[in-house]
Structure formats: structure tokens, C-alpha cells
1. Using 0.36 nm per residue of separation minus the Cα-Cα distance, give me the extension gain between residue 55 and residue 13 in nm, one decimal.
2. If R0 is 22 Å, what FRET efficiency do you get for residue 82 and residue 29 from their C-beta distance, rounded to 0.05?
3. With springs connecting C-alpha atoms under 10 Å apart, model the chain as a Gaussian network and identify which of 116, 83, 25 has the largest mean-square fluctuation.
4. Once you put a point 7 Å from the Cα of residue 93 and another 7 Å from the Cα of residue 65, both along the Cβ direction, what distance in nm separates them?
5. Please list 3J(HN,Hα) in residue order for segment 91-98, calculated via the Karplus relation 6.51 cos²θ - 1.76 cosθ + 1.60 where θ = phi - 60°; whole Hz, with x for glycine and proline.
6. Work out from phi, with θ = phi - 60° and the Karplus expression 6.51 cos²θ - 1.76 cosθ + 1.60, the ³J(HN,Hα) of each residue of segment 66-81, listed in order in whole Hz, and give x for Gly and Pro.
7. Here are a few candidate values for Rg and Dmax of the Cα atoms in Å: [x] 12.6, 36; [y] 18.8, 72; [z] 13.8, 41. Which one was actually calculated from the structure I just gave you?
Amino acid sequence: MNEAEQTAGLAPTPGYRYADRVANQLFIAGQVPLDSNGDLVGEGDPAAQARSCLENLVAVLDVHDFDIADVRHLTVYVVGEHQNLLDAWQAIVGWFDDSVPPATLLGVNMLGYSAQLVEIDSKILAQP
């Protein structure tokens with residue numbers, strides 16, 4: 001499972017697929033700030049974790065022949081104080097060069113990995 005994603009440098013996933021393509025849509029699991037070895041990136045740094053999530057998102061898009069321009073919506077989950085949300089959001093705004101697709105920014109109590117501060121979910125639709 002996920003051989004193409006792992007070849008592209010993404011970490012193995014514990015029993016689930018990174019993505020399923022259905023026609024011009026790509027359904028992607030929430031992207032987490034893990035490197036290719038499965039180690040957390042940017043411990044204590046929500047901006048670094050947001051950038052890592054976006055880098056992983058781009059890798060999944062590339063594997064499935066989609067582009068960052070195909071991202072139609074983001075949901076950004078951030079653990080911790082309000083400043084963490086602001087720091088993660090600034091990293092996202094910078095990544096998209098001030099042209100972020102429609103997005104929802106949420107503060108949450110905890111995420112799936114120890115010390116994980118950010119996870120990014122997305123909706124992907126390619127132009128026909």
C-alpha cells in the first residue's frame with residue numbers, strides 16, 4: 001500500500017492509503033508533518049509543521065498527477081494557544097504567496113502523533 005507515495009519520499013502510513021483518485025477528484029488523507037522516515041518535523045514549531053504538511057501534500061498531488069492549483073479547500077487543524085494558529089496560518093499564506101484557496105483554520109486539543117501541532121486536510125478537484 002502507498003508504494004508510489006513512499007517512492008516519492010513520503011512516510012509509510014499505518015494501514016490506510018494516502019489518496020484515492022475518482023475521475024477529476026483526489027481524496028487525500030490529512031497531511032501530517034512527518035519526514036520520509038516517519039519522524040516528526042518541527043517539534044514545537046507550528047510554522048515548520050504547516051510547511052511540512054504542505055510539502056507532503058504537494059508530493060501526494062504529484063504522485064497522482066494533480067497540481068497545487070487543483071487545491072479547492074484547506075482545513076488546517078492546530079493544537080495549542082492562539083499564537084500557534086497565527087504562526088501556522090502565516091506559513092500557509094507564505095506558501096501560497098498570499099493567494100490561499102478557501103480555508104478553515106481550527107484550534108484543536110490534540111492530533112494523532114505525539115508533539116504534532118498541525119494537520120492539513122484538503123479538497124482537490126482538477127479542471128476538466
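Quick note: the coordinates plus some simple rules give every number you see, no bench work behind them. Model, not experiment: these values are computed from the prediction. Note that each Cβ is placed from the backbone with ideal geometry, even for glycine, and that neighbours are counted across all protein chains shown.
1. Difference between extended and current length: 13.5 nm.
2. For residue 82 and residue 29, the calculated efficiency is 0.25.
3. 83
4. Label-label distance for residue 93 and residue 65, simple model: 3.7 nm.
5. 5, 5, 4, x, 4, 8, 6, 6
6. Values, residue by residue: 10, 10, 4, 5, 7, 6, 9, 7, 10, 10, 10, 9, 9, 8, x, 5 Hz.
7. [z]
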